[in-house]
Each structure stands twice: as C-alpha cells, then as structure tokens.
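No lab work stands behind these numbers, since they all come straight from the coordinates. In this text the structure is predicted, and so the values were computed from the model without any measurement. Please note: Cβ atoms are built from the backbone with ideal geometry, for glycine as well, and neighbour counts cover all protein chains shown.
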Amino acid sequence: MLAAPPPARDRVGGAPGAGYPGPMHDDASPRRRTMRAHGRVQGVFYRAHTQQAARRLGLCGYVRNEPDGTVTIVAEGDRAALARLEAVCRKGPPDARVTRLAVTEEPARGGFDDFVIDRGTAAT
C-alpha cells in the first residue's frame, strides 16, 4: 500500500528566516512552492526580477500579477534553489516594497519546462 504524500505546509512572514520548523519529506525530492507577494509589487519589475532569479537557479514555473495587486509565484525544483528564490521574492527589485510573502510547499507536480511570466490565467 502506498503512503499518502505529506500535506502542504503553510508559512507566512515578512522577514527572512520566518518559516516552519522543517520539512517532512526527503530533501532530494522535487518540491513546489507557491508564494503570494503583497505590498508594492506591481509596476516595479517584480515579475522580471523573479523570472531572472528562478531561471538562474534552474527552477521551472511562473510568476503573474493578480487583480488584487499581489503577485503569485509558483516554482518547482530542489529545496535549496526554492529557498534562494524565496529570499529573492521577499526582497524584490529595488523599487518594490514587499510587506508580506505567504508561502505554501508541497510535492512537485511537474508540467513546467521553463520559468515564465504568465500574462493570463495559469493553472495551479
């Protein structure tokens, strides 16, 4: 009988280092992190900044503006690269002011070949 995957873990915080005590999974297994950036994150090159960092880190997924003024980031890859991207997202580019970054993590689902800026509606 196969064991069910661990549930998604929630974290919310604005400061680097904020988070949960640790993963409940194999560190080598690919993960998916979904992040929602709040604050001044639209119209300040936040998406392009995030895309550049994600590609540099070898991650796949997307970043998109939301109607409520937030930005959603969905990235898949190894835990270390995801942690580095999360740090980038907490800071943002020079003109951004990230006041809150909500983060969830779960096993990777696949389906991404690159990290793109989604200018429409993407499936999560």
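Any chance you could count how many residues in segment 34-76 are of a type in the set (Gly, Ala, Ser) and buried (at least 18 other Cβ atoms within 10 Å of the Cβ)?
6
Under 9 Å between Cβ atoms, at least 6 apart or on separate chains: pull out the pairs that start in segment 74-94 with a residue that is β-branched (Val, Ile, Thr) and end on any residue that is surrounded by 16 or more Cβ atoms within 10 Å (Cβ to Cβ) and part of a helix (DSSP H, G or I).
Hits for this filter: Val88/His49; Val88/Thr50; Val88/Ala53; Val88/Ala54.
Which members of segment 78-124 meet the condition of being part of a strand (DSSP E or B) and over 14 Å from the mean Cα position of the chain (by Cα)?
Hits for segment 78-124 are Arg97, Thr99.
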